Every structure is written in structure tokens, then in C-alpha cells.
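Worksheet for the structure shown next.
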Amino acid sequence: MMKLKGITWDHARGYEPLIAASALYEKEKGIQVSWQKRSLTNFGDESLESLSRQFDLIIMDHPHVGVAEATKCLLPLNNILTDTKLNLFKSASAGPSFESYHYHNKQWALPIDAAMQCASVRPDLLGDLPLPNNWKEVFELTAVLKQKNLYTGMALCPTDCLCTFLSITAQLGSPITENSKLLVDPEIGLKALNMMRSMRDLFYPNALQWNPIALYDYMSAFNDIAYSPLAFCYTNYSRKGFRKHLLHFHNAPEISNAVLGGAGIAITSTCKEPLIAAEYAAWICSDHIQAAIYVNEQGQPGNAFAWHDGAANNLTNNFFNNTFATLSKAYVRPRYAGWPKFQQWLGEVVHAFLVNDTSAERVLQNLQEGYSVSYNIEKS
């Protein structure tokens with residue numbers, strides 16, 4: 001029997017749909033695809049080059065495509081799949097998911113999973129209070145909730161400090177882009193840092209220790225966080241029976257320019273059967289698999305057909321319909337080879353700023369210097 005080996009990330013959303021779909025694929029095609037998993041932190045930070053030497057297939061984060069190009073650790077799918085087939089996946093992409101893996105005229109992965117930062121609520125706690133449409137209303141709602149002994153929640157561990165800083169600067173009009181000498185407009189960068197300091201002071205106190213999973217686990221178990229404005233979405237928490245209390249997901253404040261997340265399926269350069277691996281990747285990312293077994297088994301599809309599917313929305317309390325506008329207008333991070341290390345460091349610096357209450361001006365200067373170094377260019 002033909003066998004392929006893949007690596008994904010350790011959460012029901014990232015693992016269970018692959019296991020279920022691969023069992024079906026083995027039954028239908030006689031090809032075994034086995035999956036191992038790594039932590040969410042390692043999903044964002046672990047060396048793609050190292051993983052590529054151990055596996056045929058990798059579930060990856062789009063900011064790493066520049067590293068893939070530089071190290072040649074992944075196979076461009078243009079060399080394996082036809083333009084016609086790739087264009088079908090492009091047209092079926094949930095938001096900019098497909099394009100996020102397209103870099104320097106090469107397609108480095110297919111979008112198997114789509115996500116972005118968005119809002120979440122405990123509907124039983126929020127009651128009739130209106131959802132905020134912008135950041136001013138977020139802080140107004142926070143004050144109202146406080147009068148009811150309730151909180152706004154946030155995930156602000158280092159990784160999520162990074163993504164929140166990126167979302168807010170983009171929403172304020174200065175998105176961080178590639179090939180720019182200036183990381184961010186200084187006035188907007190300072191405003192974003194000060195907004196995040198206000199979140200630290202006014203939102204639920206544990207934010208600095210939480211990633212989205214920890215936030216949602218808490219929100220769905222306890223009764224004091226009614227709303228969260230911005231964290232990577234997880235459809236699992238909107239399904240009956242996944243946790244004690246249901247969460248509902250909605251568009252992010254401002255809707256536009258919340259950071260794109262999700263995951264792509266890529267083929268390593270060490271894979272001995274790239275054509276067979278590509279056939280599997282195309283199969284698991286197809287409309288009929290993504291909208292059926294993939295979403296039914298805790299998945300969060302990268303295919304827009306699944307996001308608009310009635311059964312998928314019924315299963316998830318309208319998760320997909322309620323957040324698709326934010327996904328459609330999501331902000332795609334830089335993807336040059338120096339970005340992954342820089343973004344990890346940026347998150348650590350912003351997190352330290354919130355923990356130690358240091359100077360926002362000095363932090364912004366440090367970030368600018370680090371950004372310049374990440375391109376190996378001298379500061380002008």
C-alpha cells in the first residue's frame with residue numbers, strides 16, 4: 001500500500017478532519033495518509049526546513065512561504081498541478097486564503113483551512129446589548145459590561161500581541177507591508193500600542209497569558225466574559241457539545257483588515273511521490289470534501305463553498321455566514337524569508353511592553369530597527 005506521512009497542529013480543528021478524511025481516502029483510493037501533530041506555537045514558529053526533511057505533507061502557516069522559496073524545502077504546486085486545477089482552487093478560495101500561499105509567481109500550498117481574527121460572544125451573557133461595529137464601541141461596551149460585573153476578553157500572549165498589533169495598525173490605515181523602509185506610520189504605531197495598553201487595563205486580566213484557545217476555553221466554561229473583539233476564530237466552540245457553553249462568532253470591529261490566519265497543505269521537496277501527494281491535497285481541498293466530512297469532523301474549511309453551505313452553518317450556529325465579511329477583507333501578512341523570525345520577535349517585544357509598561361516610543365523605535373535588520377539592510 002502506498003503511504004504518505006504528514007504533520008499538522010494539535011487542536012481538534014487541525015487534526016480531526018485530517019484523520020477522518022484520510023480514512024475515507026484510504027478506503028476509496030487505497031492510499032494511506034498518516035498524520036502527526038505539533039503545538040499551536042510550533043505551528044507558527046517551528047522550522048519549515050526541518051519539518052520538510054521528515055514528512056511528505058505539511059500543514060503550514062502562510063507567512064512561511066518566503067522561507068519555503070529561499071530554502072527550496074517545498075515543491076511549488078505549479079510544477080505538479082495544472083493551471084486549470086489551480087485556478088479552480090483560486091476561484092473557490094475563502095477570502096484571500098489561496099492568494100496568501102501565492103508568492104513570486106509560485107503556489108506553495110492549497111488552503112485547507114481558513115481563519116482570521118474576529119469577534120466572539122457568549123450570547124446568553126451579552127443578551128440584547130448590540131455588537132460593537134468599531135473600536136470606540138468596543139470600549140463603550142466594555143464599560144457597560146463592567147456595570148454588570150462582566151468583562152470583555154482578549155488573547156494577548158506574544159503571538160497574539162503580534163497579530164493584534166498588525167490588525168489594529170492595518171485598520172488605522174498603516175498596514176505593515178513588504179519592501180517598505182518604514183514598518184508603520186509612527187503616529188498610528190503609537191496609537192495601536194496605547195490601544196493595546198487600554199485593553200490590558202480594561203479587559204479581563206488574564207489576557208497576557210492567553211492564546212485564542214485558552215480564551216475560548218475560559219469563555220465557554222465560566223460566566224464572566226461576555227464578549228471578545230479580536231482573536232483567531234475557532235468554529236469548534238460554536239458547535240453544540242464541544243464545550244459547556246456555546247460561543248457565537250461575528251465580524252471583527254471595523255470588519256476590514258483583521259489578520260488572516262488559517263492553514264495550507266504543502267508538499268515537501270523530500271516527498272518521493274509528489275504526484276500522489278498532490279492528488280490527495282487537491283482531493284481534501286475540494287468542494288465536496290471540505291463542505292462534508294471536513295467540516296463535519298471539526299474542520300474550518302479553506303474553501304468558500306463550505307463557508308456558504310447551509311448544513312455547515314446549521315452545524316455551527318451560523319459561524320461561517322456571520323464572519324465571512326471579515327474573512328473576505330482580511331489582511332495578509334508579509335511573507336519574505338526574514339518575516340517569520342521578525343514576527344515572532346515583534347510579538348515578544350509588544351508583549352514585554354504590556355507586561356513591563358515601558359515607553360511606547362522606545363518600543364516602536366526598537367520594532368523599526370528590527371524590521372530593517374530582518375531585510376539585512378542598513379537603517380537609513
Residue in segment 37-59 that is surrounded by the most Cβ atoms within 10 Å (Cβ to Cβ), counting only those that are outside any loop (DSSP other than H, G, I, E, B) and at pLDDT 95 or above
Leu57
Can you name the condition, by its number, that Leu190 falls short on among (1) closer than 24 Å to His245 by Cα; (2) modelled with pLDDT of 95 or more; (3) surrounded by fewer than 24 Cβ atoms within 10 Å (Cβ to Cβ)?
(1)
May I ask you to verify whether Tyr331 is under 30 Å from Val295 (Cβ atoms) and not assigned by TED's automatic domain parsing to the domain that holds Gln290?
yes
Condition first: of a type in the set (Val, Ile, Thr) and surrounded by fewer than 18 Cβ atoms within 10 Å (Cβ to Cβ). Now tell me which residues in segment 333-380 satisfy that.
Val355, Thr358, Val373, Ile377
Which number in (1) more than 23 Å from the chain's Cα centre (by Cα); (2) under 29 Å from Ala214 (Cα atoms); (3) among the hydrophobic types (A, V, I, L, M, F, W, C) marks the one condition that Val65 misses?
(1)
Looking only at residues in segment 267-283 that are buried (at least 19 other Cβ atoms within 10 Å of the Cβ) and touching a helix residue (DSSP H, G or I) at 6+ places or on another chain (Cβ under 7 Å), which one is farthest from Leu88 (Cα to Cα)?
Cys271
Just give me the residues in segment 292-317 being surrounded by fewer than 22 Cβ atoms within 10 Å (Cβ to Cβ) and either among the aliphatic types (A, V, I, L, M) or not in a loop (DSSP other than H, G, I, E, B) (or both), in sequence order.
Ala292, Ile293, Asn296, Phe305, Gly310, Ala311, Asn313, Asn314, Leu315
Can you go through Ser228, Ser286 and tell me which one is free of Cβ contacts under 8 Å to residues at least 24 places away in the same chain and either surrounded by fewer than 24 Cβ atoms within 10 Å (Cβ to Cβ) or within 21 Å of the chain's Cα centre (by Cα) (or both)?
Ser286
Only one residue in Asn257, Asn322 is in contact with a His (Cβ under 8 Å, 6 or more places away or on another chain), crowded, with 18+ Cβ neighbours inside 10 Å and either in a strand (DSSP E or B) or in contact (Cβ under 8 Å) with a residue 40 or more places away in the chain (or both), so which one is that?
Asn322
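The values are calculated or read from the model by the stated rules, or taken from the named source; none is laboratory data. Fair warning: this is a prediction, and the values are worked out from it, not measured in the lab. Neighbour counts run over all protein chains shown; Cβ positions are idealised from the backbone, glycine included.
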